[in-house]
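Here is the structure we will look at.
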Amino acid sequence: MRWQQEAQVPDAEFETWCRTEPGTAESTGLSLRGLPALVTAEILYVLQARTDAEVKSPPVLLRGLVRQLREQRVEQFDDVQVPRNTHLAGMANRMRHMLAAAVSTPELEQIKDVWNMGAFGLGQWRRMDFTPLHQEWMRRACKTWVLDEIPRRYGKNIPNGLSDMILCLRYLSQSLVRSRQDDGADMAALGRSDIETFTQYVAHLAHTGEISAFRRTTVCRFTSRFLREIRDLGLT
């Protein structure tokens, strides 16, 4: 009956239909037939991880997700496209995060400019984004500073406190891009005049209302602390 309905569509191919059409739904059963071996393994892993975390996986959503995987004929789970702002999209995103945390290690994350903090045991939904720092030396120094700082902190919001340092340093990075011909890329060429320009830039942002006076103070304090501590770490 399904094929008879599909055959009425122009350019319908029986072979393609066989590869993409889902099987008959059976209560809590889930058919993974027709999926690549890698996608099958990813789904089985995520289901086990969700069960271990005592998270429910409704069969209806799983069937819908598997149907998308089968119809799109993706080679890995991360490539699937699902409608936004739906329960299916929410489940797909959570499964993506679980898979990303499973295949990542702290060593692999350090190579990237956006870290999955789940690899460090600090929450699989948390991210550490170093891309606001335009200078390569600043980005590398900040990564090393974060790695040195993680064991010194405790609590549930460690990524938030560390990310605040990046948000403060971005003003120094912006100031160097605006004021230097080399965009601040040459670390050895930086000096007192660059710090004076930076403090004037932050003061201007506070004066124009782009940041508050309190934020201006915080930015200067955090930047000063960062520069002192990377010297102590031998990163200059």
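The values are calculated or read from the model by the stated rules, or taken from the named source; none is laboratory data. This one's a predicted model, so the numbers in the text were calculated from it and none came from an experiment. Note that we place each Cβ from the backbone using ideal geometry, even for glycine, and neighbour counts take in every protein chain shown. For the accessible areas, the whole protein counts, side chains as well, though only heavy atoms, and no ligand, DNA or RNA atoms are used. Shrake-Rupley method; radii C 1.70, N 1.55, O 1.52, S 1.80 Å.
Assorted remarks:
- Selection from region 214-232 of residues that are at pLDDT 95 or above, among the aliphatic types (A, V, I, L, M) and farther than 11 Å from L169 by Cα: none
- Sole exception among (1) at negative phi; (2) in contact with a Lys or Arg (Cβ under 7 Å, 6 or more places away or on another chain) for G34, by number: (1)
- Screening L147 on (1) in contact with an Asp or Glu (Cβ under 7 Å, 6 or more places away or on another chain); (2) more than 15 Å from F222 (Cβ to Cβ) shows it passes everything except condition (1).
- Matching residues in region 126-159 - criterion: being assigned to a loop (DSSP other than H, G, I, E, B) and farther than 14 Å from V114 by Cα: Q135, R153, Y154, G155, K156, N157
- Selection count, region 206-232, where residues are over 19 Å from M138 (Cβ atoms) and either touching a residue at least 24 places away in the same chain (Cβ under 8 Å) or in contact with a helix residue (DSSP H, G or I) (Cβ under 8 Å, 6 or more places away or on another chain) (or both): 6
- Residue, surrounded by the most Cβ atoms within 10 Å (Cβ to Cβ), within region 1-17, restricted to residues that are of a type in the set (A, V, I, L, M, F, W, C) and modelled with pLDDT under 80: W17
- Single condition Q174 does not satisfy, out of (1) among the polar types (S, T, N, Q); (2) touching a His at 6+ places or on another chain (Cβ under 9 Å); (3) open to solvent by less than 30 Å² (accessible area, probe 1.4 Å): (3)
- Tabulated pairs, region 160-174, first farther than 18 Å from T217 by Cβ, second in a helix (DSSP H, G or I) and β-branched (V, I, T), C-beta under 6 angstrom, 6+ apart or interchain: L162/V146
- Cβ separations smaller than 7 Å between residues 6+ apart or across chains give the following pairs from region 191-203 residues that are of a type in the set (A, V, I, L, M, F, W, C) to residues that are open to solvent by less than 30 Å² (accessible area, probe 1.4 Å): F198/L172; F198/S175; V202/Y171; V202/V219.
- Residue tally, condition part of a loop (DSSP other than H, G, I, E, B), of a type outside the set (A, V, I, L, M, F, W, C) and within 21 Å of S163 (Cβ to Cβ), over region 176-218: 2
- Residue among S173, S193, S163 that alone is farther than 18 Å from F130 by Cα and modelled with pLDDT of 90 or more: S193
- Scanning region 115-146 for residues that are in contact (Cβ under 8 Å) with a residue 40 or more places away in the chain and under 11 Å from L162 (Cβ atoms) yields M117, C142, W145.
- When residues of region 134-164 are limited to those that are closer than 21 Å to E107 by Cα and touching a Gly at 6+ places or on another chain (Cβ under 7 Å), the one surrounded by the fewest Cβ atoms within 10 Å (Cβ to Cβ): R153
- When residues in region 1-17 are screened for being β-branched (V, I, T) and assigned to a loop (DSSP other than H, G, I, E, B), 1 of them pass.
- Restricting the search to helices (runs of 4 or more DSSP H) fully inside region 18-114 and requiring at least 1 residues that are surrounded by 13 or more Cβ atoms within 10 Å (Cβ to Cβ) and aromatic (F, W, Y) gives 37-52.
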